[in-house]
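The next block holds one structure in the form of structure tokens; read it before the comments.
The values are calculated or read from the model by the stated rules, or taken from the named source; none is laboratory data. All figures in this text were calculated on a predicted structure; none of them were measured in a lab. Surface accessibility is based on the protein's heavy atoms, side chains included, excluding ligands, DNA and RNA. Shrake-Rupley method; radii C 1.70, N 1.55, O 1.52, S 1.80 Å.
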Amino acid sequence: MQIVVEFYKGFLATIKQLEGLAPLTLRLYLAPVLMQAGYNKISHFEDTAAWFGNPDWGLGLPMPEVMAALASGTELMGGAMLLVGLATRLVAIPMMVTMLVAAFAVHWPNGWLAIADGSSWLANDRVIEAGEKLAAAKSILQQHGNYEWLTSSGNFVILNNGIEFAITYFIMLLALFVLGGGRYTSLDYFIAKRYL
């Protein structure tokens, strides 16, 4: 038994040197996703603000220009800060709020799934109906288009736009909030080592 305990202690000591790797991979995954989302909002700022403000076909939020600026700035600047691991825990907070707003104000009516998959146990009526539409679209493309060329880069799918991605990103940001930027892999680590 003592051999097992000593082996496990050695294993923990070895793996401790890699503890910055998990936060680094989370940051490297999230940064481009968030930066692209922020860039898209800024690039089409008038459309974004209109969508944020319109109660009929948008979110119906108050002060849509301010909200659009906050959302795009949070995603763009927050993503850049995640990339280098600067103020990781602090910047995770507004990004988690952004993901919750996206999940519950935008994606909630569509259910869980991001991609419509009628065979999933998470499929709602909307997803199941999408299967018939996808089959009709494939049939039209097979009859009137170059279907093999059209599908050479991947299968056609119907975007369901459910909460799946927003909640996944929220969970990843929550992990970064708890773990921080990562040992040896973030500016946070080196700043803390020098000043704290």
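Quick one: what Rg and Dmax do you get for region 49-98 from the alpha carbons, in Å?
According to the Cα coordinates of region 49-98, Rg and Dmax are 12.8, 40 Å.
Mind checking which of Tyr29, Tyr147, Tyr169 has the largest fluctuation in a GNM of the chain, springs on alpha carbons under 10 Å?
Residue with maximal mean-square fluctuation among Tyr29, Tyr147, Tyr169: Tyr147.
Report the dimensions of the chain along its three principal axes from the alpha-carbon atoms, largest first, rounded to Å.
Projected onto the principal axes, the Cα atoms of the chain cover 67, 50, 31 Å.
If N is the number of residues in region 1-106, what value comes out of its Cα radius of gyration divided by 2.2 N^0.38 Å?
1.54
Specify whether the C-alpha gyration tensor of region 96-152 places it in the rounded, prolate or oblate class, a ≥ b ≥ c being the square roots of the eigenvalues: rounded for a/c under 1.5, otherwise prolate if a/b is larger than b/c and oblate if not.
The shape class here is prolate.
Just to be sure I understand: if I project the alpha-carbon convex hull of region 56-134 onto a plane and average over all orientations, what area do I get in nm²?
Mean projected area of the Cα convex hull: 7.4 nm².
What order do Asp56, Asp188, Asp47 take when sorted by accessible area (1.4 Å probe), most exposed first?
The residues order as Asp56, Asp47, Asp188, largest area first.
Return one whole number: the accessible area per residue of the chain in Å², for a 1.4 Å probe.
Here the residues of the chain average 64 Å² of exposed surface.
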